[in-house]
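S.K.: Structure incoming, see below.
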Amino acid sequence: MSHRVCLVTGAARGIGRAIAERLASDGWSVVLSDIDERRLHVSADEIGAGALAMTADVSDSADVRRLFSGVRQRFEHLHGLVNSAAISRPTTLADTTDASWREVLAVNLDGLYWCCREAFPLLRDSGGGAIVNLSSVSSFTGRVLNANLAYVASKGAVNALTRALAVEGLPANITVNAVAPGIVSTEIHAHMPDERQNLLPSLVPQGRLASAAEIASTIAFLLSPAARHITGQVIHQNGGMYLG
């Protein structure tokens with residue numbers, strides 16, 4: 001995997017950081033991107049060799065163009081893209097405002113689209129490559145922990161966009177897949193009350209949460225040469241929460 005370059009969005013923390021850490025350990029040059037500049041640079045420094053931080057707001061198409069221009073200038077090539085950046089605003093239909101709806105869609109769907117659009121020419125010019133999008137089990141079940149209409153809608157759209165881009169990527173030797181995790185053990189749950197945290201494993205038929213490293217392993221496989229015949233798929237990794 002030497003001299004292979006992958007960009008990971010939402011890489012300052014959680015699943016995104018775990019993905020960047022795994023890819024760097026596998027020998028990739030990894031560009032970590034996130035809107036949280038301080039946490040992003042801390043993560044890149046802690047990962048060490050092979051990790052480079054580039055701050056960007058994926059909901060801003062101009063900023064995404066700047067990000068990919070920086071990748072091209074620094075490396076000339078790109079072989080992988082992982083769209084991990086996402087936000088969540090738990091709301092029901094009655095209390096979802098226009099602003100909160102657009103905020104979530106702007107990051108989770110628009111941002112993913114902007115990144116794929118900028119990545120395609122770079123991947124094509126590099127001889128092909130792989131894109132992996134982060135979806136969610138909630139796009140199939142409707143909800144997991146609470147109502148979150150914009151989040152669920154955005155992840156459902158990610159699944160559809162993944163399939164459409166997979167078809168478009170065929171002539172350029174670009175694979176496009178998605179991974180739909182269930183409940184993953186990340187720092188976001190640390191802010192929940194203890195009784196809520198203790199409830200989480202009971203929501204997973206396997207009886208435990210996934211680790212971020214487990215999700216990262218699946219994504220590392222989809223980016224590897226061993227997965228070149230897999231495209232347009234949504235990989236379910238949820239401990240039995242959805243068996244469709």
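S.K.: Are there any pairs, at least 6 apart or on different chains, whose C-beta atoms fall under 7 Å, with the first in segment 83-105 and crowded, with 16+ Cβ neighbours inside 10 Å and at pLDDT below 95 and the second aliphatic (A, V, I, L, M) and assigned to a loop (DSSP other than H, G, I, E, B), and if so, which?
M.R.: Close Cβ pairs (under 7 Å, with a partner that is aliphatic (A, V, I, L, M) and assigned to a loop (DSSP other than H, G, I, E, B)) amount to Thr91/Ala147.
S.K.: Look through segment 39-82, keep the residues that are among the small types (Gly, Ala, Ser) and farther than 13 Å from Ser29 by Cβ, and return whichever of them is surrounded by the most Cβ atoms within 10 Å (Cβ to Cβ).
M.R.: Out of the qualifying residues, it is Ala56.
S.K.: While we're here: In segment 1-55, what count of residues is obtained for those that are assigned to a helix (DSSP H, G or I) and hydrophobic (A, V, I, L, M, F, W, C)?
M.R.: Total satisfying the criteria: 10.
S.K.: If I go through segment 33-49 residue by residue, how many of them are of a type in the set (Gly, Ala, Ser) and within 12 Å of Val8 (Cβ to Cβ)?
M.R.: 3
S.K.: How many residues does segment 104-148 hold that are over 15 Å from the mean Cα position of the chain (by Cα), within 19 Å of Gly16 (Cβ to Cβ) and of a type in the set (Asp, Glu)?
M.R.: 1
S.K.: Here is a further query. In the list Asp57, Asp34, which residue meets the criterion of being acidic (Asp, Glu) and touching a Leu at 6+ places or on another chain (Cβ under 6 Å)?
M.R.: Among Asp57, Asp34, only Asp34 is acidic (Asp, Glu) and touching a Leu at 6+ places or on another chain (Cβ under 6 Å).
S.K.: Failed condition for Ser88, given (1) over 17 Å from Ser154 (Cβ atoms); (2) outside any helix (DSSP H, G or I); (3) of a type outside the set (A, V, I, L, M, F, W, C), with all others met?
M.R.: (1)
S.K.: Let me ask something else about it. Determine, yes or no, whether Glu187 is more than 22 Å from Ala216 (Cβ to Cβ) and out of contact with any Cys (no Cβ under 6 Å at 6 or more places or on another chain).
M.R.: no
S.K.: On to the next question. Just to be sure I understand, how many residues within segment 114-133 are assigned to a helix (DSSP H, G or I) and in contact with a Leu (Cβ under 7 Å, 6 or more places away or on another chain)?
M.R.: 5
S.K.: Answer yes if at least one residue in segment 57-74 is farther than 23 Å from Arg228 by Cα, β-branched (Val, Ile, Thr), at pLDDT 95 or above and out of contact with any strand residue (DSSP E or B) (no Cβ under 8 Å at 6 or more places or on another chain), and no otherwise.
M.R.: yes
The values are calculated or read from the model by the stated rules, or taken from the named source; none is laboratory data. Predicted, not measured: the structure shown is a model, and the values here were computed from it. Don't worry about glycine lacking a Cβ; one is built from the backbone with ideal geometry, like all the others, and counts go over all protein chains shown.
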